[in-house]
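The values are calculated or read from the model by the stated rules, or taken from the named source; none is laboratory data. As the structure is a prediction and not an experimental result, all values here were calculated from the model. Here the Cβ positions follow ideal geometry from the backbone for every residue, glycine too, while neighbour counts run over all protein chains shown.
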């Protein structure tokens, strides 16, 4: 019986890509922390997708009679300074945070892949230019650069997607460059060149499948960074603007009431902590499962 050989990074995996991902899923299922994190993330996506039906109240409806009402049977997380239900706003804030994480990382992944491939595959001057850009973006404090870009573009959800995506590609590009430097001298790449294969065919047909595990891991670990950045920018007034519900803007609004109504900042803060920890632990589990060199 003949087996296909899949090149994953610098490791050859017998059985092809299909069996490789089956084996990765089997190893991931053994990691209880990663699977629990995956369950939490799926629950968050359900809340985000079905917020209209899950949220008990309109997140923007103001009832001044309920101003700063503490948690109780009617309002489980209490109400804010305008009498808006905090639970409903946390659920809708989940939609904002996850969308920022996903869309910004998609942009960063796209830019990072092609920049990393250009540096590793073409080398020479292209590698020097891309490596300089990677070092430049990595040396500047991320949040400071994001604040400057958001100030230039203006606040808003779309601008958050663009700014965080444009500033997050350097780490992905560095990893992809390292992978491509190992892969470009492989026999099957050389055979494709001899057979008349174009550079674009090699990049999309042969290099991309080998870089997918790296991209999956970088996206999973990049989403919590984007969520923290969105919360920080919204807290500073440069991200999502009121009355749109955002965990960062909710914490900013609770600052004046931190001593008298601590629950106001507690629940959106817990949402950020749980979401970031879930993505980080899932990313660690995916790294162990997808990297053949770490398999035991």
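Annotations for the structure displayed:
- Every condition in (1) farther than 19 Å from residue 161 by Cα; (2) surrounded by fewer than 18 Cβ atoms within 10 Å (Cβ to Cβ); (3) out of contact with any strand residue (DSSP E or B) (no Cβ under 9 Å at 6 or more places or on another chain) is met by residue 45 except one, and the failing one is (1).
- When 106, 132 are screened for being surrounded by fewer than 18 Cβ atoms within 10 Å (Cβ to Cβ), at pLDDT 90 or above and closer than 28 Å to residue 239 by Cβ, only 106 passes.
- Selection over the range 183-197 of residues that are closer than 14 Å to residue 208 by Cβ and free of Cβ contacts under 8 Å to residues at least 60 places away in the same chain gives a count of 3.
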